[in-house]
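The values are calculated or read from the model by the stated rules, or taken from the named source; none is laboratory data. Given the structure is predicted, the values throughout are model-derived calculations rather than measurements. Here Cβ is always computed from backbone atoms with ideal geometry, including for glycine, and neighbour counts include all displayed protein chains.
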Amino acid sequence: MDGQIVIIGAGQAGTQTAEALRSGGYTGAITMLGDEPHGPYHRPPLSKAWLAGDIGEAQLVMRAPEMLAKKGITLRTGVTVEAIDRAAHQVRLAGGETLAYTGLVLATGSTPRSLPLPGIGAPNVLPLRSKDDASAIATRLTACAERSLPVLVIGGGFIGLEVAATARKKGLAVTVLEAAPRLLGRVLAPLLSDWYAALHREHGINLVLDARIASIETDAAGEATAVLMADGSRHPCGLVVLGVGVTANDRLAAAAGLACDRGIVVDDCTRTADPLIVAAGDCTARQLADGSLLRLESVQNATEQGKSAAAALLGQPRPFTATPWFWSDQYDRKLQMAGLSGGADAWAVRGDMGGDMAAGAAFSIYHFRAGKLIAVDSVNSAKDHLQARKLLDAGVSPTPEQAADGGFDLGTLIPKG
Ligand code: FAD
């Protein structure tokens, strides 16, 4: 098969698409363009094992450039795509070079949000998305440790809490400021939010909920020295980590006239309205059967949409509709989430949530809507998580009583074969 498939973005989704094109039999040229100076690497460890110093650089590498070259995938790093010309079937790079395509993959990821606060531009107020961001945070953590300065995390979402846990493991004083009345309020059941709040407090985090930040105080050199609250209180710090969510990188697509709504709008098979253009990963908003849009920011979504993007370009549409899943590591607790818990009206707990956090509780929370299982969040319970994915994929529901009964084998409900 001749042609030139151009992939914008050399991250999880871009790499998966390139490799799936090859394994799907595509023999034409594949060029993957990434604006970072690095080849494809894993982002999840940036807030966890890598930041903690438990793994090294080599373990971040997703695919070495030589591996890609062996598969006939041309990787160009440090290259920014500035525009897509859909009529001419080409992309324009910074510097003016143009590249023709017979198929185009948008895998541009997302960008951390900022906050409109005085002092937000200080050099020690840092977001966490890239390897370079993580290196900057690691350097600042070391400086904080040397000078006994506290770390301040704005945002009690997954990335903020993982960084907070890692900084505590390093012995630093950490404050987390969360604007909402509970942690991870958009994704966790209230009792699990409370459990995570207790876990972090037990590990010594100063957790402030309903936090109203007024400004970031800076010194004569422009460095952030404290976060000032609307109630007049002041949190001194040597580093501020911003973990307040991301926005999809859909600017190129929107400028090229493709439908975007907080992400590039795609169908189950990652197709846009342009038959030559697909999109995968964090940059997308997937249109569901009821017309609503689903935005997911996860490794699973980037990987599966990458496979679907390749299949669509090969003319073999492959819908990705499997149950979404996600994980987060905080201290020695692995949270694994299956399904989407929004709109749950009842919950059942399986296992022991434990009064004593240090004792190593293992449990799962089953979310129900109108009596139907819609999601399961498991803490240190890999078996429950794997079973949950099977139950949700099959559309099978235990009753809340069965879910809560540790003696009842939920595996018996999973259809065979
Ligand atoms: P990315 O991996 O971000 O790749 C997109 C690439 O495109 C980037 O390199 C970007 O710079 C580049 N790009 C953008 N625009 C252009 C352009 N115009 N020209 C050229 N290149 C461009 N997910 C989980 O499931 N579990 C976790 O525990 C987890 N932990 C995480 C921890 C951290 C710190 C972070 C940052 C993310 C984490 N995630 C986790 C999310 C997961 O890493 C992302 O969902 C996934 O990387 C998305 O892949 P992607 O290919 O869509 O985007």
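Having 3 or more residues that are of a type outside the set (A, V, I, L, M) is the bar; report the strands (runs of 3 or more DSSP E) wholly within region 201-260 that clear it.
Numbers: elements: 206-208, 213-218, 224-229, 234-236, 239-242, 246-248.
Answer list for region 201-260: 213-218, 234-236.
Would region 82-104 turn up any residue that is at pLDDT 95 or above and under 22 Å from the mean Cα position of the chain (by Cα)?
No, because not a single residue in region 82-104 is at pLDDT 95 or above and under 22 Å from the mean Cα position of the chain (by Cα).
When region 24-72 is examined, which residues are found to be farther than 27 Å from Asp133 by Cα, touching a residue at least 40 places away in the same chain (Cβ under 8 Å) and either assigned to a helix (DSSP H, G or I) or touching a helix residue (DSSP H, G or I) at 6+ places or on another chain (Cβ under 9 Å) (or both)?
Once the filter is applied, which keeps residues that are farther than 27 Å from Asp133 by Cα, touching a residue at least 40 places away in the same chain (Cβ under 8 Å) and either assigned to a helix (DSSP H, G or I) or touching a helix residue (DSSP H, G or I) at 6+ places or on another chain (Cβ under 9 Å) (or both), region 24-72 yields Gly24, Tyr26, Gly28, Ile30, Lys71, Gly72.
Has region 385-401 got at least one residue that is within 26 Å of His203 (Cα to Cα) and either outside any loop (DSSP other than H, G, I, E, B) or touching a helix residue (DSSP H, G or I) at 6+ places or on another chain (Cβ under 8 Å) (or both)? Reasoning before the result, please.
First pass over region 385-401, keeping only residues within 26 Å of His203 (Cα to Cα): 385.
Applying the additional criterion that residues be either outside any loop (DSSP other than H, G, I, E, B) or touching a helix residue (DSSP H, G or I) at 6+ places or on another chain (Cβ under 8 Å) (or both) yields 385.
Yes, region 385-401 has at least one match.
Just one of the numbered conditions (1) at pLDDT below 95; (2) outside any helix (DSSP H, G or I); (3) not aromatic (Phe, Trp, Tyr) is not true of Leu191; which one?
Status for Leu191: all satisfied but (2).
Can you tell me which condition Ala197 does not meet? The list is (1) farther than 24 Å from Leu51 by Cβ; (2) buried (at least 17 other Cβ atoms within 10 Å of the Cβ); (3) not hydroxyl-bearing (Ser, Thr, Tyr), and all the others hold.
Here Ala197 clears every test but (1).
Can you work out which of the residues in region 37-55 that are within 12 Å of the ligand (Cβ to nearest atom) and among the aliphatic types (A, V, I, L, M) is nearest to Ala100 (Cα to Cα)?
Applying the first criterion (within 12 Å of the ligand (Cβ to nearest atom)) to region 37-55 yields 37-51.
Adding the requirement that they be among the aliphatic types (A, V, I, L, M) leaves 46, 49, 51.
Numbers: Leu46: 35, Ala49: 40, Leu51: 39 Å.
Filtering first and then ranking leaves Leu46.
Filter region 230-288 down to the residues that are of a type in the set (Gly, Ala, Ser), farther than 23 Å from Ser298 by Cβ and away from the ligand (no atom under 14 Å from the Cβ), then identify the one that is surrounded by the most Cβ atoms within 10 Å (Cβ to Cβ).
Gly238
May I ask you to list pairs of residues, at least six apart or on different chains, whose Cβ atoms are under 9 Å apart, with the first in region 381-395 being small (Gly, Ala, Ser) and the second being in a helix (DSSP H, G or I)?
The qualifying pairs are Ala388/Leu410; Ala394/Leu413.
Let's see how each residue does on (1) under 13 Å from the mean Cα position of the chain (by Cα); (2) within 20 Å of Cys283 (Cα to Cα):
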{"residue": "Ala302", "(1), (2)": "yes, yes"}
{"residue": "Gly306", "(1), (2)": "no, yes"}
{"residue": "Ala310", "(1), (2)": "no, yes"}
{"residue": "Leu313", "(1), (2)": "no, yes"}
{"residue": "Pro319", "(1), (2)": "no, yes"}
{"residue": "Phe326", "(1), (2)": "yes, yes"}
{"residue": "Asp329", "(1), (2)": "yes, no"}
{"residue": "Asp332", "(1), (2)": "no, no"}
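Report the residue count in region 289-306 for those that are in a loop (DSSP other than H, G, I, E, B), more than 15 Å from the ligand (Cβ to nearest atom) and among the hydrophobic types (A, V, I, L, M, F, W, C). It would help to see each step written out before you state the result.
The initial filter retains those residues of region 289-306 that are in a loop (DSSP other than H, G, I, E, B), namely 289-292, 295-298.
So of that shortlist, the ones also more than 15 Å from the ligand (Cβ to nearest atom) come out as 289-292.
Add one more test, that the residue is among the hydrophobic types (A, V, I, L, M, F, W, C), and what stays is 289.
Of the residues in region 289-306, 1 are in a loop (DSSP other than H, G, I, E, B), more than 15 Å from the ligand (Cβ to nearest atom) and among the hydrophobic types (A, V, I, L, M, F, W, C).
Being surrounded by fewer than 19 Cβ atoms within 10 Å (Cβ to Cβ), of a type in the set (Asp, Glu), within 16 Å of the ligand (Cβ to nearest atom) and over 30 Å from Leu161 (Cα atoms) is the requirement here; does Glu82 meet it? Don't jump to the end; show me each part of the working.
On the way: surrounded by fewer than 19 Cβ atoms within 10 Å (Cβ to Cβ): yes; of a type in the set (Asp, Glu): yes; within 16 Å of the ligand (Cβ to nearest atom): yes; over 30 Å from Leu161 (Cα atoms): yes.
Yes, satisfied.
Could you check Leu141 against (1) in a helix (DSSP H, G or I); (2) over 23 Å from Val299 (Cα atoms); (3) more than 15 Å from the ligand (Cβ to nearest atom) and say which number it fails?
Answer for Leu141: the failing condition is (3).
The conditions are (1) more than 14 Å from the ligand (Cβ to nearest atom); (2) touching a helix residue (DSSP H, G or I) at 6+ places or on another chain (Cβ under 7 Å), and Ala122 fails exactly one of them. Which is it?
(2)
Could you look through region 172-191, keep only residues that are touching a Phe, Trp or Tyr at 6+ places or on another chain (Cβ under 9 Å) and touching a residue at least 40 places away in the same chain (Cβ under 8 Å), and pick out the one that is nearest to Glu297 (Cα to Cα)?
Within region 172-191, the match that is nearest to Glu297 (Cα to Cα) is Val187.
How about region 317-357: which of its residues are of a type in the set (Asp, Glu) and under 16 Å from Asp194 (Cα atoms)?
We begin by selecting, within region 317-357, every residue of a type in the set (Asp, Glu); these are 329, 332, 345, 352, 356.
Of everything in region 317-357, those that are of a type in the set (Asp, Glu) and under 16 Å from Asp194 (Cα atoms) turn out to be Asp352, Asp356.
Out of Gly34, Gly25, Gly3, Gly14, I need the residue that is touching a strand residue (DSSP E or B) at 6+ places or on another chain (Cβ under 8 Å), under 21 Å from Ile277 (Cβ atoms) and away from the ligand (no atom under 11 Å from the Cβ). Which one? Walk me through it before giving the result.
Details: Gly34 fails: away from the ligand (no atom under 11 Å from the Cβ); Gly25 fails: touching a strand residue (DSSP E or B) at 6+ places or on another chain (Cβ under 8 Å); Gly14 fails: away from the ligand (no atom under 11 Å from the Cβ).
Going through Gly34, Gly25, Gly3, Gly14 in turn, just one is touching a strand residue (DSSP E or B) at 6+ places or on another chain (Cβ under 8 Å), under 21 Å from Ile277 (Cβ atoms) and away from the ligand (no atom under 11 Å from the Cβ): Gly3.
Looking at (1) surrounded by fewer than 13 Cβ atoms within 10 Å (Cβ to Cβ); (2) out of contact with any Ser or Thr (no Cβ under 9 Å at 6 or more places or on another chain), can you tell me which one Ala94 breaks?
With (1) surrounded by fewer than 13 Cβ atoms within 10 Å (Cβ to Cβ); (2) out of contact with any Ser or Thr (no Cβ under 9 Å at 6 or more places or on another chain) applied to Ala94, the lone miss is (2).
Which one is nearest to Glu217 (Cα to Cα), of the residues in region 144-179 that are part of a strand (DSSP E or B) and away from the ligand (no atom under 16 Å from the Cβ)?
If we filter region 144-179 for residues that are part of a strand (DSSP E or B), which is where we start, we get 151-154, 174-177.
In the following step, the residues that additionally are away from the ligand (no atom under 16 Å from the Cβ) were identified as 152, 174-175, 177.
On the way: Leu152: 13, Val174: 17, Thr175: 16, Leu177: 15 Å.
Out of the qualifying residues, it is Leu152.
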